[in-house]
Structure formats: structure tokens, C-alpha cells
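Participant: First, the structure itself, so that you have it in front of you.
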Amino acid sequence: MPIGLIALALGGFGIGLTEFVIAGLLPEVAADFHVNEAAAGWLISGYALAVVVGALGLTAAVTRLPRKPVLLGLMVLFIGGNALSALAPTYEVMLSGRILAALCHGAFFGIGSVVAAGMVAPDKQARAIAIMFTGLTAANVLGVPFGTLLGQALGWRSTFWAITVIGVIALIGVAVLVPRTTQGATSNGLRHELTAFRSGQVWLSIAVTVLGFGGMFGAFTYIAYTLTDVSGFASAAVPWLLIVFGVGMFVGNALGGRFADRALDKSLVIILAGLAVVLAAFALVAASPIATIAALLLMGFFGFATVAGLQTRVMMYADHAPTLASGANIAAFNLGNALGAWIGGLTITAGLGYTSPLWAGSLITVGAVVVMAFAAVTARRRRVRAVEQHSDQPLPVG
């Protein structure tokens with residue numbers, strides 16, 4: 001695999017760290033700025049909303065610009081946002097820094113997916129995208145726990161300074177290692193990019209992304225309550241248990257790319273069905289600490305084994321204009337996160353207990369399986385019809 005993918009993965013690591021590490025430092029940040037928990041929570045939800053805006057709006061704004069310089073510009077935006085967060089004298093400035101960093105998130109992964117796929121042969125594109133997303137999974141396995149420990153030991157600002165340094169290193173890596181062959185314009189313009197959304201398969205793929213990630217993150221959002229109130233773990237054990245989940249994410253992301261390159265639609269149907277089963281089984285065995293650890297590992301594996309395949313599928317059916325569609329799918333991941341968290345919260349509010357988000361997540365994921373199976377059957381029928389029509393054409397004379 002090209003070494004430029006490592007630079008993209010490092011950028012993904014920094015971005016993933018920015019997104020997730022704030023959760024572990026929220027009490028310290030809230031105390032420093034003298035704001036309540038609800039206001040501090042906007043540092044997370046505001047980030048997620050800005051990711052959606054950046055994935056669509058910022059990607060659309062740079063459609064005529066060369067890809068490599070766009071990636072470099074996005075990393076500069078990321079560095080600036082995290083430096084602003086580290087220096088922030090007030091809560092409002094901190095929130096602005098978070099939003100600034102978030103704007104590059106969706107566009108970086110959207111455009112970066114196109115760049116990564118362009119570095120390799122068609123039969124290795126899902127694996128190349130998976131390598132880039134390895135940075136995001138590594139951020140959960142290694143970055144979040146150590147970033148939290150650094151912030152608790154030296155102050156939360158030290159964590160954001162460390163992320164800023166990672167951003168600088170990633171910027172240099174992209175500048176040096178991403179080849180010039182990917183510097184062609186991202187597209188022929190916004191109008192051309194919008195033509196990708198005429199494809200029903202693009203919309204079906206985006207729907208699968210929303211439902212698939214909605215199911216997993218609906219369960220994951222409230223997992224700390226499940227671990228402590230149902231499984232009986234101490235609160236201090238939760239960060240280490242989340243590393244187990246992160247390991248599953250890491251392995252699932254890597255293997256999912258290989259599965260997708262071999263049989264894209266079939267692998268997505270099987271993996272999503274596996275996720276639905278795992279979430280339901282987790283709800284049934286959550287009272288057992290040992291079974292919970294195994295379920296966490298499997299939830300991370302099946303949840304992230306879909307990422308490279310879903311991203312590849314959107315780009316495949318928008319092959320003539322993949323950039324904005326790729327960004328839209330990144331936005332769909334975050335919309336799924338919000339949808340799942342909202343539904344999971346409703347089940348807890350309704351008094352259904354702390355395993356109810358797992359049941360809700362399983363049902364949402366079943367919806368993803370149904371949509372994905374429909375998309376796969378429809379695509380296969382269209383391919384068969386195209387082959388039959390081609391075979392019926394008369395042979396040329398002479």
C-alpha cells in the first residue's frame with residue numbers, strides 16, 4: 001500500500017482524537033469555564049453538527065480545487081481550531097475552536113477517501129480507505145485514554161496542544177507523502193457533483209450508513225450506564241473497557257476493507273446482520289461481566305467493519321462525481337450517531353432500562369440490513385439486465 005495512506009491515517013488519528021477525547025475531559029473544561037453540564041455538552045454536540053455542515057458545505061465549496069492542496073488547507077484549519085481551543089480564554093472561544101476544527105472533519109474524510117482510493121488499483125480501494133480510517137479507530141484505542149490521562153495530569157489544555165502538534169505532523173506528512181498524481185481537481189464543479197445524487201444506489205447507501213451507525217452508536221452512547229448499572233463494573237473500569245471496544249473497532253475496520261474488496265454488497269449484508277445479532281445478544285447477557293467484555297469487542301468489530309465498504313459503495317455508484325457524495329456519506333455517519341443517541345435516550349426516558357438502547361440499536365440495524373439487502377438485489381438485477389441487453393445487440397457487419 002502507498003505510504004501516502006499513512007499520512008492520511010495520521011490526519012484521521014488527530015481528527016478522531018479531537019472528536020472523542022473531550023468526553024473524558026468535560027468535567028475539567030466545565031469547571032474551568034464555570035459552565036454547567038448542559039453547556040459543556042455543546043462542545044460535543046456542536047462539534048457533531050459542524051461535522052455535518054463541513055462534510056456538505058465545505059466539500060461543495062472546494063469542488064473545483066485540486067485535492068491535495070485542499071487536504072493541506074483542511075489540516076491548517078484543523079490545527080488552527082485546536083490551537084484556538086488550547087488558548088481559549090472563555091467558553092465561547094472554546095466552542096468556536098471546536099466548531100472550526102469540526103468543519104474540516106467531514107471534508108477531510110470525504111475528500112481523503114477519494115484520494116486514498118485513487119492511490120491504488122480498483123480491487124484494493126476499500127482496503128486503502130480502511131487504512132485511512134485506521135487513524136480514527138486508533139484514536140479510540142490509544143489516543144482517547146492517553147489524551148484523557150494527559151489532560152488530567154497537566155490540565156486539559158495540554159491535550160489540545162498535543163493534538164495541535166499531531167496536526168502539524170500530519171500536515172507535513174500529507175505535503176511530503178501524498179503523491180502529486182492525486183492533485184487533479186476534485187470535480188468539474190458543484191453542478192457536476194450534484195449529478196451523483198440522481199443515483200438511487202447512492203441514496204440507498206447513505207440510508208444504510210445512517211441506520212447502521214445509528215444502531216451501533218445508539219447503543220454505544222449510553223454504554224457507560226449499561227456497564228456500571230447492569231454489568232456491575234466500577235466507574236473507574238469504564239475507560240479500560242472502552243479500549244476493548246476500540247480494539248474491536250480497529251480489527252473490524254482492517255478486515256472489513258478486505259471483505260468489501262472481495263464481495264462488497266454480500267459482506268455489508270452479513271456484517272450488518274452480525275451487528276444486529278450482537279447488539280441483541282449483548283442486551284441478553286449484559287448482567288454477566290465476562291460476556292459483556294466479549295460483546296463489547298464484537299460490537300466494535302461488526303460496527304466498524306462496515307465503514308470502508310459503505311464509503312466505497314457510495315463512491316462506486318457516484319464514480320463520475322464521487323467527492324460530494326463521499327462527503328455526504330461522512331455526514332450520514334454523524335447523522336446516524338445523532339439519530340441513534342436520540343432514540344436510545346427515548347427508551348431510557350420511557351423507563352425501559354439501561355439495556356433498552358441495545359435493543360433499540362439492534363432494531364435500527366435490522367432496518368439497515370433490510371435496506372442493504374434491497375439495494376444489493378436491485379443492483380444485481382440491473383447488472384443482469386444490462387448484460388442481457390448487451391448480449392441481444394446484433395453483431396457488427398464486416
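Just so you know, all these numbers are worked out from the coordinates, no wet-lab data involved. None of these values were measured; they are calculated from a predicted model. Virtual Cβ from ideal backbone geometry, glycine too; neighbours counted across all protein chains shown.
Participant: Taking neighbour Cβ counts within 10 Å as the exposure measure, how do V278, V269, V387, V208 sort from fewest upward?
Facilitator: Details: V278 27, V269 20, V387 10, V208 31.
Listing V278, V269, V387, V208 from fewest to most nearby Cβ atoms yields V387, V269, V278, V208.
Participant: Right, something else. Considering only L272, L310, L255, give the residue with the highest GNM mean-square fluctuation for the chain, with springs between Cα atoms whenever their separation is below 10 Å.
Facilitator: Per the Cα network of the chain with a 10 Å cutoff, L255 tops the list.
Participant: Counting other beta carbons within 10 Å of each Cβ, put E28, E193, E92 in order, fewest first.
Facilitator: E92, E28, E193
Participant: Related question: Averaging over all projection directions, find the projected area of the Cα convex hull of the range 207-360 and quote it in nm² with one decimal place. Intermediate results must be reported in sequence, preceding the final value.
Facilitator: Details: hull surface 34.4 nm².
Its Cα hull, projected and averaged over all orientations, spans 8.6 nm².
Participant: Modelled label-to-label distance, L26 and L154, 7 Å Cα→beta-carbon offset: nm?
Facilitator: Rounded to a tenth, the inter-label distance reads 2.5 nm.
Participant: From the phi angles alone, apply the Karplus equation (6.51, -1.76, 1.60; θ = phi - 60°) to the range 68-82 and give each ³J(HN,Hα) in whole Hz, x where the residue is Gly or Pro.
Facilitator: 4, x, 5, 4, 5, x, 5, 5, 5, 4, 4, 4, x, x, 6
Participant: Considering only C-alpha atoms, what is the centroid distance from the range 293-341 to the range 198-262, in Å?
Facilitator: 11
Participant: How big is the chain in terms of Cα radius of gyration and Dmax, in angstroms?
Facilitator: Expressed in Å, the Cα Rg and Dmax of the chain come to 21.1, 84.
Participant: Once phi is turned into θ = phi - 60°, what whole-Hz ³J(HN,Hα) does the Karplus curve with 6.51, -1.76 and 1.60 give for every residue of the range 356-361, x standing for Gly and Pro?
Facilitator: 5, x, 5, 4, 4, x
Participant: I would also like to ask the following. Across bins of 5 angstrom width beginning at 0, how are the C-alpha pair distances of the range 1-128 distributed, in whole percent?
Facilitator: Binned Cα distances yield the sequence 2, 11, 20, 21, 17, 12, 8, 5, 3, 1, 0.
Participant: Tabulate in residue order the Karplus-calculated ³J(HN,Hα) for the range 375-383, using 6.51 cos²θ - 1.76 cosθ + 1.60 with θ = phi - 60°, rounded to whole Hz; enter x for Gly and Pro.
Facilitator: Result, rounded to whole Hz: 4, 5, 5, 4, 5, 5, 4, 5, 5.
Participant: Still on this structure, please answer the following. Which whole-number percentage describes the relative contact order of the chain, with Cα contacts under 8 Å and a sequence gap of 6 or more? If you can, show how the numbers build up before the last one.
Facilitator: Details: 728 pairs, mean separation 96.3, N = 398.
For the chain, the relative contact order is 24 percent.
Participant: Whose amide H sits under 5 Å from the amide H of T355, counting only residues 5 or more places off or on another chain, with H placed in the peptide plane?
Facilitator: So T355 has HN proximity to no qualifying residue.
Participant: Okay, next question. With the chain treated as a Gaussian network of Cα nodes joined by springs under 10 Å, which of L142, L74, L103 yields the largest mean-square fluctuation?
Facilitator: L142
Participant: While we're here: Which whole-number percent gives the relative contact order of the range 229-314, counting Cα pairs below 8 Å spaced six or more residues apart?
Facilitator: On the way: 104 pairs, mean separation 43.6, N = 86.
Over the range 229-314, the number comes to 51 percent.
Participant: Helix-derived [θ] at 222 nm for the chain: sum -39500 (n - 2.57) over DSSP H runs of at least 4, divide by residue count, nearest 500?
Facilitator: Values: 15 runs with 307 residues, N = 398.
The helix-only estimate for the chain comes to -26500 deg cm²/dmol at 222 nm.
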